Amino acid sequence: MFEETKNRSIRKSIGWRIIAVVNSYIILAFYLTESPFWNAIFMNITGAGLYYFYERFWNRIKEGRYVR
């Protein structure tokens, strides 16, 4: 079982929040639809995809991760 250091968790959290804010900004700035509901749906779909790749990226980084 793997565990993370607090520093790694903090860096991952900050990194993800930056990506999430940029994702939201892009969806809203391009004004994809007139409907706030569909903009929220698009933000969640793209956010889920980005989060998948973000976690896959962090799984390759060994720093701050150890076997318990």
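The numbers here are math on the coordinates, done by the rules we state, and not lab data. This structure is a prediction, so every number in the text was calculated from the model and none was measured.
From helices alone, the chain scores -25000 deg cm²/dmol at 222 nm; the rule is -39500 (n - 2.57) for each run of n ≥ 4 DSSP H residues, then divide by the residue total.
Using a ≥ b ≥ c from the Cα gyration tensor of region 20-61 (square roots of the eigenvalues), is it rounded, prolate or oblate, where a/c under 1.5 gives rounded and otherwise the larger of a/b and b/c decides, a/b for prolate? Present the calculation step by step, with values, prior to reporting the outcome.
Numbers: a/c = 4.64, a/b = 2.61, b/c = 1.78.
Prolate, because a/c is 1.5 or more and a/b exceeds b/c.
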